[in-house]
Amino acid sequence: MNLHGNTVRGIRTAAALILAAALVSPVYAYQVGDVQIHGFASQAYLLSDGNNIYGDSQRGSTEFTELGINGNWQANSKLNVAGQLISRDAGATDNGAVKVDYLFADYKAIESDETGLGFRFGRVRNAFGFYNETRDILFTRPSIFMPQAVYFEGNGLRELLFSSDGVQLYSYWDNDDQNTYLSITMGRDKSIPRDVVRNILGPRFASAVRYARQLNPVYSQLGTNLNGGKTRLALSTLAIALEFDIHTPTAVSEMTLDANGFVTSIQHNLQQWSFTSEYSQVSVKYNGLFSSGAGITVEGLYAQAQYRFTPRVSAHSRIEYSTYDRDNRNEQDSSQLVLGLRWTPDPQWIIATDIIGVRGTGGIPGVDNPQGTNERTEIFSVMVGYRF
Amino acid sequence: MASWYKDKSTGGVVSSSLRGVQWFSLLILIASLTVGSNSVAQVSGETPSGETQSIRVFTHDSIQAGELSTAKLRAIFSLRKRSWDNNIPIRVFVLPDNHPLHENFCKSLLKVYPYVLRDQWDRAIFSGIGTPPTVVKNIQQLKQAVENTPGAIGYIASNYLQTHAGSPAYEPAR
């Protein structure tokens with residue numbers, strides 16, 4: 001507990017220092033030799049009724065902080081190296097530990113005026129939906145909280161979606177008014193940290209898990225941008241397997257969980273309006289411990305509209321629907337309504353506020369509500385973000 | 001010294017006919033997709049002050065880029081295309097997002113909304129998949145940066161040249 005408290009205080013201090021430095025000398029990026037350095041910091045205030053989300057938010061919580069710094073080095077016309085460190089504190093679900101978000105070498109094997117093909121080796125972000133690659137940066141996601149219905153923000157699955165340690169093939173084709181792109185990411189097996197296991201299975205069940213690993217994750221995304229990005233379409237797929245070694249006083253057993261799914265994404269951008277909708281379906285099959293071959297289908301859908309009053313001020317609204325079990329919708333479904341404002345007083349600063357109404361417990365972190373969860377939640381959130 | 005590739009006068013006024021639409025009503029939103037795509041398809045090169053500017057793309061001397069089509073400009077400024085035909089890495093220089101010349105460049109030459117371009121850059125910057133553009137503070141800095149950086153590409157207002165350059169070296173090559 002002390003360690004956690006110190007970590008959080010450390011993050012706050014670092015955030016305050018970065019922000020102070022930024023105020024004194026505003027820059028758009030730092031250049032160290034040939035390496036371009038960018039970063040971001042954001043801090044939220046959350047007040048909720050019904051359930052806690054990230055800390056004791058029913059009394060007001062500031063336990064939602066994101067910090068990151070990245071470097072990008074163009075070694076030559078074919079080779080790029082990029083890496084990012086990130087720290088995220090989010091109530092009991094994330095403790096602010098510094099993690100390597102991505103670190104890879106990017107080799108562009110083929111490039112012409114119309115097409116290109118390359119490979120990234122190392123830890124790469126998984127392309128999944130429009131926002132997964134940059135989900136922890138307030139500037140690049142559609143609201144303070146990611147759309148829960150598609151991105152599994154509050155229930156511990158987010159960490160599994162982040163990144164793969166492996167190889168990513170990417171390619172694109174351009175013609176007059178269309179850019180089409182493809183990426184296929186194949187990761188190697190890796191162990192799942194204890195806190196992620198706890199977020200997925202809950203603290204009681206997680207204590208029986210000795211070891212957990214993720215096997216052979218494969219992600220793909222095929223997308224197209226029409227008319228200079230006015231219309232964007234994408235289809236993303238994922239296939240991952242999780243394996244848990246479970247030790248109970250009476251037995252030692254293994255449980256596997258296979259998840260296969262897809263997201264369809266569509267966005268239409270106008271001068272003042274942007275409309276975005278994404279639909280996801282992930283089928284999960286369990287083997288071992290309780291049953292063999294049993295499965296559920298998780299489904300989520302959201303639709304968002306954003307209106308820009310000026311280039312600096314916009315409002316958005318979003319409706320979301322999700323269910324953990326498509327065959328038992330009435331017992332397992334959640335819906336959300338989000339209304340929010342975003343103000344960018346300067347290209348480097350953003351102030352965002354969202355009011356969120358939740359029916360059901362989708363996206364409500366179990367670990368922030370050890371006494372159990374309620375069916376309804378209202379959340380008021382404000383977040384300030386800085387980038388360079 | 002620099003070479004010039006594009007010279008486009010701009011004009012027209014973007015319609016704001018969508019303003020009255022209720023932003024929270026999903027049904028009306030879907031309907032407005034059809035209405036809206038017609039009303040904003042036209043590109044405006046007008047600056048906030050109302051004056052129109054013509055913009056040119058220019059590159060460092062090391063580059064013989066040939067004609068830069070809209071598709072090629074988009075590939076370069078969206079950070080997909082990374083090197084010139086002679087293998088020199090492309091270095092993109094731009095003005096801040098809220099600079100009138102940047103907005104004008106996006107609308108009249110790239111034909112991309114500035115916020116859509118910014119979204120593309122941010123995905124590249126914060127997932128590492130592209131070399132970020134270098135943002136400089138003003139036109140003078142942008143001009144100097146492009147002139148002094150091998151492989152550089154940027155943009156500039158034509159009238160800036162008339163008032164600040166005066167040298168035949170800065171006349172458009174084509």
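The values are calculated or read from the model by the stated rules, or taken from the named source; none is laboratory data. These numbers were taken from a predicted model, which means no experiment stands behind them. Here the Cβ is made from the backbone with ideal geometry for all residues, glycine too, and neighbour counts use every protein chain on show. Surface areas here come from the heavy atoms of the whole protein model, side chains and all, with no ligands, DNA or RNA. Shrake-Rupley method; radii C 1.70, N 1.55, O 1.52, S 1.80 Å.
The set of residues in the stretch A:344-374 that are over 30 Å from A:Arg387 (Cα atoms), open to solvent by 10 Å² or more (accessible area, probe 1.4 Å) and small (Gly, Ala, Ser) comprises A:Gly366, A:Gly372. Pairing each residue of the stretch B:79-102 that is more than 10 Å from chain A (Cβ to nearest Cβ) with any residue that is polar (S, T, N, Q), provided the two are 6+ apart or on different chains, yields C-beta distances under 6 Å for B:Phe93/B:Thr134; B:Pro100/B:Thr47.
Against the criterion of being open to solvent by 30 Å² or more (accessible area, probe 1.4 Å), more than 24 Å from B:Ala75 (Cβ to Cβ) and in contact with a Ser or Thr (Cβ under 6 Å, 6 or more places away or on another chain), A:Val150 does not qualify. Going through (1) touching a residue at least 60 places away in the same chain (Cβ under 8 Å); (2) within 14 Å of another protein chain (Cβ to nearest Cβ) one by one, A:Leu270 falls short only on (1). Being in contact (Cβ under 8 Å) with a residue 24 or more places away in the chain and open to solvent by less than 20 Å² (accessible area, probe 1.4 Å) is the filter here; which residues of the stretch B:103-117 pass it? B:Asn104, B:Phe105, B:Ser108, B:Leu109, B:Leu110, B:Val112, B:Leu117, listed by residue number. Say we look at the stretch A:93-126 and pick out the residues that are among the polar types (S, T, N, Q) and over 20 Å from B:Ser127 (Cβ atoms); which of these is modelled with the highest pLDDT? Taking the candidates together, the pick is A:Thr115. Residues of the stretch A:297-317 that are of a type in the set (A, V, I, L, M, F, W, C), at the interface with chain B (Cβ under 7 Å from one of its Cβ atoms) and out of contact with any helix residue (DSSP H, G or I) (no Cβ under 7 Å at 6 or more places or on another chain): A:Ala315 alone. Those strands (runs of 3 or more DSSP E) of the stretch A:24-136 in which at least 2 residues are charged (D, E, K, R) and either more than 20 Å from A:Pro147 (Cβ to Cβ) or within 11 Å of chain B (Cβ to nearest Cβ) (or both), considering only elements entirely within it, cover A:94-111, A:115-125. Applying the condition of being part of a loop (DSSP other than H, G, I, E, B) and within 23 Å of B:Ala71 (Cβ to Cβ) to the stretch A:137-184 and asking which residue is modelled with the highest pLDDT yields A:Asp177.
On the basis of being of a type in the set (D, E, K, R) and crowded, with 17+ Cβ neighbours inside 10 Å, does A:Arg204 make the cut? The answer is no for A:Arg204. Just one of the numbered conditions (1) among the aromatic types (Phe, Trp, Tyr); (2) open to solvent by 20 Å² or more (accessible area, probe 1.4 Å); (3) closer than 21 Å to A:Asn199 by Cβ is not true of A:Trp73: (3).
Conditions tested, residue by residue: (1) within 14 Å of chain B (Cβ to nearest Cβ); (2) assigned to a loop (DSSP other than H, G, I, E, B); (3) open to solvent by 60 Å² or more (accessible area, probe 1.4 Å).
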{"site": "A:Asn225", "(1), (2), (3)": "yes, no, no"}
{"site": "A:Arg232", "(1), (2), (3)": "yes, no, no"}
{"site": "A:Leu235", "(1), (2), (3)": "no, no, yes"}
{"site": "A:Ala241", "(1), (2), (3)": "no, no, no"}
{"site": "A:Ile246", "(1), (2), (3)": "no, no, no"}
{"site": "A:Met255", "(1), (2), (3)": "no, no, no"}
{"site": "A:Ile266", "(1), (2), (3)": "yes, no, yes"}
{"site": "A:Ser274", "(1), (2), (3)": "yes, no, no"}
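With respect to the conditions (1) open to solvent by less than 50 Å² (accessible area, probe 1.4 Å); (2) in contact with a strand residue (DSSP E or B) (Cβ under 8 Å, 6 or more places away or on another chain); (3) touching a residue at least 24 places away in the same chain (Cβ under 8 Å), A:Gly293 falls short on a single one, namely (3).
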